[in-house]
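Here's the structure we're looking at; comments come further down.
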Amino acid sequence: MANEKMIRKKHALAIRWFHWVNFPVLFTMIWSGTLIYWANDEYKLHLGNWVWFKFYPPGLYKSLGIPFRLAEGMAWHFALMWLFFINGFLYVLYTVISGEWRELLPGKGSFKEAWQVLLHDLYISKKPLPEKKFNGAQKIAYTSIVIMGIGSLITGLAIYKPTQLHWITWLCGGYETARFLHFALTIGYCLFFLVHITQVIRAGWNNFQAMVTGWEIVRARPVSPPPATPPPTTPDQP
């Protein structure tokens, strides 16, 4: 009985659809954005005249075949941005209509729980994590990625049409600020991918296939036997 397992519904078809559409679209947008960025790669981590890291090293560009593909990058980037927007908009709309936003939006205790998840993942704490669909760290991460998507759309429009959409560019603090924020959000996506894929590997096959099939395999909770009923008493004979 202790090893008995059961199949339980975890992810709706719509959630799985949005997830698997968004992953290749966002990946391709990052790739095409890198083709565009190559033409003016001005960002770097530095202290005074000492450059610690330049985005990106010339060797990386050459090994990936990135140089001189600006037009190709712009064509892919501007075409996929509409699919990125539509998929993201439908995802938010679905979570609102279906009520799934209640499971995704961080609550009052989410940040405390996220800290516990971090300590657990770093093997500092052995305290078991709460058994729920999304823990505090996941709620914060998934909500943040939606906010980042909105930010990418706004800053992207600001640098795509800085004259026609000058009011958006102004709201972003100008063209240079909008471009920097757009780039910073891209780095954020890369870090999210890295952490997300690492966590998927850590969680194992059951977690991954749940996002494919919608079902997960869980241990069946033992059912307590009903309390024994006492035998009926017979009345005393006179």
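The values are calculated or read from the model by the stated rules, or taken from the named source; none is laboratory data. Bear in mind the structure is a predicted one, so any value in this text is a computation, not a measurement. Every residue, glycine among them, receives a Cβ derived from its backbone with ideal geometry; neighbour counts consider all protein chains shown.
Of all residues in region 116-175, how many are β-branched (Val, Ile, Thr), touching a Pro at 6+ places or on another chain (Cβ under 7 Å) and more than 30 Å from ILE15 (Cα to Cα)?
Looking only at that region, the number is 1.
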Would you check which residues across region 40-65 are among the hydrophobic types (A, V, I, L, M, F, W, C), surrounded by 11 or more Cβ atoms within 10 Å (Cβ to Cβ) and either closer than 23 Å to TYR175 by Cβ or in contact (Cβ under 8 Å) with a residue 40 or more places away in the chain (or both) and list them?
PHE55
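Residues are listed down the side, and each one gets a yes or a no for (1) within 11 Å of the chain's Cα centre (by Cα); (2) on the phi < 0 side of the Ramachandran plot; (3) crowded, with 16+ Cβ neighbours inside 10 Å:
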{"residue": "LYS139", "(1), (2), (3)": "yes, yes, yes"}
{"residue": "ILE147", "(1), (2), (3)": "yes, yes, no"}
{"residue": "LEU153", "(1), (2), (3)": "no, yes, yes"}
{"residue": "ALA158", "(1), (2), (3)": "no, yes, yes"}
{"residue": "ILE168", "(1), (2), (3)": "no, yes, yes"}
{"residue": "ALA184", "(1), (2), (3)": "no, yes, no"}
{"residue": "ILE187", "(1), (2), (3)": "no, yes, no"}
{"residue": "PHE192", "(1), (2), (3)": "yes, yes, yes"}
{"residue": "ILE197", "(1), (2), (3)": "yes, yes, no"}
Screening THR143, THR213 for residues that are surrounded by fewer than 17 Cβ atoms within 10 Å (Cβ to Cβ) and under 14 Å from the mean Cα position of the chain (by Cα) leaves only THR143
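Let's see how each residue does on (1) over 26 Å from THR177 (Cβ atoms); (2) among the charged types (D, E, K, R):
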site	(1), (2)
GLU4	yes, yes
PHE23	yes, no
THR34	no, no
TYR43	no, no
PRO57	no, no
Filter region 66-104 for residues that are within 19 Å of the chain's Cα centre (by Cα), touching a residue at least 40 places away in the same chain (Cβ under 8 Å) and closer than 26 Å to TYR160 by Cα and give the result.
LEU80, MET81, LEU83, PHE84, PHE85, ASN87, GLY88, LEU90, TYR91, VAL92
From the residues in region 193-223 that are in contact with a strand residue (DSSP E or B) (Cβ under 8 Å, 6 or more places away or on another chain) and of a type in the set (D, E, K, R), which one is farthest from ARG16 (Cα to Cα)?
ARG219
Does region 1-19 hold any residues that are of a type in the set (Phe, Trp, Tyr) and in contact (Cβ under 8 Å) with a residue 60 or more places away in the chain, and which are they?
PHE18
The listed residue being at pLDDT below 95, among the small types (Gly, Ala, Ser) and closer than 27 Å to VAL117 by Cα, out of ALA210, ALA184
ALA210
Can you tell which of PHE27, PHE18, PHE78 is within 23 Å of GLU176 (Cβ to Cβ) and surrounded by 12 or more Cβ atoms within 10 Å (Cβ to Cβ)?
PHE78
